[in-house]
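These notes concern the structure reproduced below.
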Amino acid sequence: MSSPAHRPPLIKAQHLLAVSDLSVSEITGLLDLAATYAEVNRNADKRHAILSGSTQVNLFFENSTRTQSSFEIAGKRLGCDVMNMAVSTSSISKGETVLDTAITINAMQPDFLVVRHQSSGTVELLSQKVSCAVINAGDGQHEHPTQALLDALTICRHLKSLEGLTVAICGDVYHSRVARSNIALLSKMGVRVRVVGPTTLMPSGIAKFGVEHFTTMKDGLAGADVVMMLRLQVERMSGSFVPSAREYYHFYGLTEDKLKYAKPGALVMHPGPMNRGVEIDSAVADGAQSVIREQVEMGVAMRMAVLDALSRNMRSQA
Amino acid sequence: MKRAFLNAQLPDGRGGLLIDGDIILAVGKDVTAGNVAGAEVQDCAGLMILPGVIDMRVFTGEPGSEYRETLASASEAAAAGGVTTMITMPNTAPVIDDAAMVDFILRRARDTAKVRVAPMAAITLGARGEAMAELALMKEAGAVAVTDGVRSVGNAALLRRAMVYAHDHDILVVQHVEEPTLSGGVMNVGERASRLGLTGSYALAEVMLLERDIRLVEMTGCRYHAAQISCAESVEVMRRAKDRGLAVSCGVSINHLSLNESDVGAYRTFFKLSPSLRTEEDRLALVAGVAEGVIDVIVSGHDPQSEDTKRLPFAEAAFGAVGLETLLPVSLARYHNRDISLPDLVKALCEAPARLLGLAQGRLVKGAPADFVVLDPHLNWKVEPANLHSRSKNSPYEHTTLEGRATQTWVAGKQIYSYAH
């Protein structure tokens, strides 16, 4: 690792808002950098305080366990002072607008603002009003770029390169920002992306995303190198988008039998949190082909890489 | 064992029918006394042989209202009417809205019914129009299509999603076409209803929902069937949709081909139907619609109602009429008076339902199941409530003399009915 003073720029943008803003070489750069952090994170001494003195604010308008703690740990390992804004007890609940909250926080001179919000486009809106680096930790049904990056990192550790792979993204693509970010990133990196699920859970115009849509697991998983399951929220499986959890599980739940349609040894992924017995069977989630826990581990490494990369574009670093 | 039925009138000319066990072995003019060696022979001169009727709209009371009709009693009526397959509606108590209930109907039918039974299951839970039922699991269990039966799915967002979902699994969506927010009348709107002091039901409610549904079909690609249309304008809507190449089809009840609003007379509740009987112009347009193939299917709409639901003031009485036993005879009247040709009648009563529902029966062809009916097309008989096989006697044709009826009904090569003069 080069010293802080000699870290060359990795990405052009000031913020990380969407995968679609990143070029192939920027993605590759982030994957390489994150791979080195993954090694550091397995040491007893994980500190790598290149961002000592910086301030990171996590502003999560939607509940999150893994993403928020992942960003918090990533920031702390790089030496940031990390503050978690508890939105439910903040001024937002007193009627302050999202923008006013962000502007207020910005006035305290943070270096990073990590934002999750339930409405698509909110994070980009905030980024236009603040001077710090904004990281999208999930906005509505739009993007979740660090998830796609950590998924790519996880795949690369097992299958070397993304180029030429076939990845099947299964389930509720319609509501999934994870799916949108993954489709954007994987397609960019030369992966053949498939989406698998009932048409009720596919966004309209999905064919124009450059992916192939399958309505059966048998066809969709055939020969896939990676099977990426998506979470199906409870309120969407009671007669609205799909009839019931049991019907969904019957046709789309990833069981050992259905996994056999994929390539032998295909990786099984899930961004979490999982609904065992709905979209995935426990035997598969905890099975030999599952890399679900590794995804969580890579999450911290990738977020360190993102913080590192964005810090290189800050005025103080220029 | 082999059986031969010779010298009969078939849908497309004179000839014979040869069956072996439960399968049709040969049919047509080449099946003659000379080439059916070893078969038990029946001379059917003067008689007609048609495929057994597949009645695409049958309500029973099982489960929940067995006093009105069971699968067994309905099957007796079906057998006497030349109906060899009943497509049952999900509006029972409880509603047929999950795989276990579909399985229940199939098992009860297997154990108690004389004719074949293929259930339709509900589109929405409880047929309440609120949440999609387990369409694909019910299809796996044996449901041949999905419908909310007597109710329309009025919520466009829900129906759209159900259609998208049904399309994934190649499930036929069957709709009762009546815009729920424009319904409520008890007979066709107009002068007659007004003079009788009855609230009118708008044909427009049917046309509107049909037009909306066709837009949804266009959007989703789903296979769609309007269970019953009742007015001239709906025929034109269907014609346009078919001209555009959409996967749509529709049915009409035999009552709407034979009766009109004036038959309601002085508050006769057996003529209170859903949809309402319309004008004579509407009836004529429907008959022409069948003859031209715009209307695919003729159904009985068999809906057994008892004294407790029919012997009431008109406005308070239930909708519906029994019809399994009279469907074929009343249809024959349309053939006798040259409104509809025999092949077109067979198409609407047998072939189209089989095609839409993916059934092997419904045709007299080699290899098909031996489900057929032997008719005496000119036998005069009187519809007397006491002689009807259904547990309920609410027939609009009571005390009417009809020309032609089934004299033998065969299902899977077994004779299940024989008419005693």
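The values are calculated or read from the model by the stated rules, or taken from the named source; none is laboratory data. These numbers were taken from a predicted model, which means no experiment stands behind them. We place every Cβ from the backbone using ideal geometry, glycine too, and count neighbours over all the protein chains shown. We work out accessible area using only protein heavy atoms, side chains counted, and drop any ligands, DNA or RNA first. Shrake-Rupley method; radii C 1.70, N 1.55, O 1.52, S 1.80 Å.
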**Item:** Peptide A:189-201 - average C-beta neighbours from other chains (10 Å radius)
**Value:** 2
**Fill in**
Taking a straight Cα-to-Cα line shorter than 23 Å from A:Lys46, and setting aside same-chain lysines fewer than 8 residues away, one finds A:Lys76
**Message:** Sort B:261-269, A:74-82, B:140-148 by packing, meaning the average of other beta carbons within 10 Å per residue, with the highest value first.
**Reply:** B:140-148, A:74-82, B:261-269
**Request:** Provide a whole-number value for the mean count of partner chain Cβ atoms within 10 Å of the Cβ atoms in peptide A:58-68.
**Result:** 0
**Prompt:** For chains A and B, what's the summed buried accessible area, probe 1.4 Å, to the nearest 100 square angstrom?
**Reply:** 1300
**Complete:** The lysines whose Cα lies under 17 Å from the Cα of B:Lys310, excluding any fewer than 8 residues away in the same chain, are B:Lys272, B:Lys393
**Request:** Report the relative contact order of chain B, percent, no decimals, based on alpha-carbon pairs under 8 angstrom and at least 6 residues apart.
**Result:** 19
**Item:** C-alpha center-to-center spacing [region A:43-105, region B:203-266] in angstrom
**Value:** 60
**Request:** Let me know the Rg and Dmax you get for region A:228-318 when you use only its Cα atoms, in Å.
**Result:** 17.8, 56
**Asked** When Cβ neighbours within 10 Å are restricted to other protein chains, what is their mean count per residue of peptide A:240-253?
**Response** 5
**Prompt:** Excluding B:Met86 itself, what net charge comes from residues whose Cβ is under 14 Å from its Cβ, given Lys and Arg +1 and Asp and Glu -1?
**Reply:** -2
**Asked** Remind me, relative contact order of region A:46-184 in percent, using alpha carbon pairs under 8 angstrom and six or more residues apart?
**Response** 20
**Message:** Quick check: net charge around B:Glu40, other residues with Cβ under 10 Å of its Cβ, Lys/Arg +1 and Asp/Glu -1?
**Reply:** +2
**Request:** For an R0 of 41 angstrom, estimate the FRET efficiency from the Cβ-Cβ distance between B:Arg239 and B:Leu379 and round to the nearest 0.05.
**Result:** 0.70
**Fill in**
Here, trypsin sites (Lys or Arg not before Pro) of region B:24-84 satisfying both criteria (DSSP loop; at most 13 other Cβ within 10 Å) are B:Lys29
**Asked** Which order do peptides B:297-309, A:267-279 fall in by mean Cβ count within 10 Å, highest first?
**Response** B:297-309, A:267-279
**Request:** Taking just the C-alpha trace of region B:80-227, give me its Rg and Dmax in Å.
**Result:** 16.7, 51
**Request:** Let me know the volume per residue of the alpha-carbon convex hull for region B:117-159, in Å³.
**Result:** 63
**Message:** Considering only protein heavy atoms and a probe of 1.4 Å, how much of the accessible area of region B:144-196 is carbon and sulfur, as a whole percent?
**Reply:** 45
**Request:** Identify all lysines with a Cα-Cα distance to B:Lys114 below 19 Å; exclude those on the same chain that are fewer than 8 residues away in sequence.
**Result:** B:Lys414
**Request:** Have a look at region B:201-240 and give its Rg and Dmax from the Cα atoms, expressed in angstrom.
**Result:** 10.0, 31
**Positive-pole candidate from B:Asn260, B:Val322, B:Gly404, dipole of chain B, charges at beta carbon** = B:Gly404
**Message:** Ignoring everything except DSSP H segments at least 4 long, calculate the 222 nm mean residue ellipticity for chain A; use -39,500 (n - 2.57) per segment, divide by total residues, nearest 500.
**Reply:** -10500 deg cm²/dmol
**Request:** Please report Rg over Rh for region A:68-163, where both radii come from the alpha carbon positions and Rh follows the Kirkwood definition.
**Result:** 1.03
**Accessible area per residue in Å² at 1.4 Å probe, computed on chain A** = 41
**Å³ per residue enclosed by the Cα convex hull of chain A** = 132
**Size of charge dipole - region B:51-357 - debye, nearest 20, with Cβ of Lys, Arg +1 and Asp, Glu -1, no other charges** = 220
**Request:** Assuming 1.306 mPa s and 10 °C, estimate D for region A:1-70 with Stokes-Einstein, Rh taken as the Kirkwood radius over Cα pairs, in µm²/s.
**Result:** 108
**Message:** Once you keep just the Cα pairs under 8 angstrom separated by 6 or more residues, what percentage relative contact order results for region B:100-171?
**Reply:** 31
**Request:** For chain A, give the percent of accessible area contributed by carbon and sulfur heavy atoms, probe 1.4 Å, rounded to a whole number.
**Result:** 51
**Fill in**
Taking only the alpha-carbon positions of chain B as identical scatterers, the Debye log10 I(q)/I(0) at q = 0.06, 0.10, 0.14 Å⁻¹ comes out as -0.22, -0.64, -1.28
**For the protein assembly as shown, the spread of Cα positions along each principal axis, largest first, Å** = 107, 66, 43
**Complete:** Ordered by number, the residues of region B:122-141 that have at least 40 Å² less accessible area in the complete protein assembly than on their own chain alone (1.4 Å probe) are B:Met132, B:Glu134, B:Leu137, B:Glu140
**Asked** For region B:51-357, what is the accessible area per residue in Å² when the probe is 1.4 Å?
**Response** 33
